[in-house]
Amino acid sequence: MASLESTGGEEYTDRLNRLQTPLWKRVLDVQAPYRWNLRRVLGDREVLEVGCGIGRCLSHLAPRGVGVDHNQHSVEECRRRGLTAFTGDEFAESEYAKPGRFGGLLAAHLVEHMPREDAVKILAGYLDYLAPDARLVLICPQGRGYASDSTHVAFSDFEALTDVAGQLGFTTTRQQSFPLPRFAGKTFTYNEFVLVADRRVS
């Protein structure tokens with residue numbers, strides 16, 4: 001496994017491209033079950049994805065998804081693919097940055113890249129753009145997937161994700177090991193923790 005210092009540079013974007021765009025993955029449509037599940041849990045909501053990378057999940061949400069990422073190279077790759085994505089500063093100045101606009105907030109493979117308190121702080125910065133009844137979806141890799149990337153710093157299981165959701169004002173309504181049962185995550189790189197939470201109404 002190649003060692004990378006951060007997710008912010010062109011090297012990380014290149015790595016994501018190498019992992020996600022080989023011909024065999026496109027021919028077999030290996031994203032089909034993940035696309036189905038994401039659309040199932042988020043429905044027809046407009047969704048803001050924080051940490052969208054090169055658009056793997058964002059493409060599943062099109063045309064109702066808007067992505068934000070700190071890596072300008074990844075944002076440019078999203079745009080090259082016809083997706084709507086911005087850096088944080090660009091988003092704040094965009095037509096999409098309106099209070100209450102989005103019915104969903106997605107953070108897929110974001111939380112594990114930083115200490116938990118940092119993840120909460122970043123996601124909290126987007127709460128004003130969510131509708132009162134918004135849904136939060138948090139996705140993180142399980143054991144094998146976590147070990148596959150040297151930029152992962154905080155293993156985040158259901159307990160950790162429930163804590164993140166709670167600090168953001170959401171109540172967990174569903175926990176999934178996807179696409180296979182939890183034990184598969186020890187050997188299958190792409191098994192994920194999927195947590196669904198709904199905004200608490202005061």
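Worth a mention:
- Cα coordinate range in the stretch 16-130, projected on the principal axes (Å, largest first): 40, 28, 27
- Within the accessible area of the chain (1.4 Å probe), percent carbon and sulfur: 51 percent
- Here the Karplus curve 6.51 cos²θ - 1.76 cosθ + 1.60, taken at θ = phi - 60°, turns the phi angles of the stretch 179-187 into couplings of x, 10, x, 3, 4, 5, x, 6, 10 Hz, with x standing for Gly and Pro.
- For the chain, the per residue solvent-accessible surface stands at 49 Å², with DNA, RNA and ligands left out and a 1.4 Å probe.
- DSSP beta bridges fully contained in the chain are about 50 percent antiparallel.
- Karplus 3J(HN,Hα) series, Hz, for the stretch 33-43 with 6.51 cos²θ - 1.76 cosθ + 1.60 (x for Gly, Pro): x, 5, 4, 4, 5, 5, 5, 5, 7, 9, x
- Top of 127, 48, 136 by mean-square fluctuation, Gaussian network on the chain, Cα under 10 Å: 127
- Rg and Dmax of the chain, based on Cα coordinates, read 15.7, 49 Å.
- Pairwise Cα distances in the stretch 106-190 exceed 15 Å in 57 percent of cases.
The values are calculated or read from the model by the stated rules, or taken from the named source; none is laboratory data. Worth saying up front: this structure is predicted, and the values here are computed from it rather than measured. The accessibility values were calculated without ligands, DNA or RNA, using every heavy atom of the protein model including side chains. Shrake-Rupley method; radii C 1.70, N 1.55, O 1.52, S 1.80 Å.
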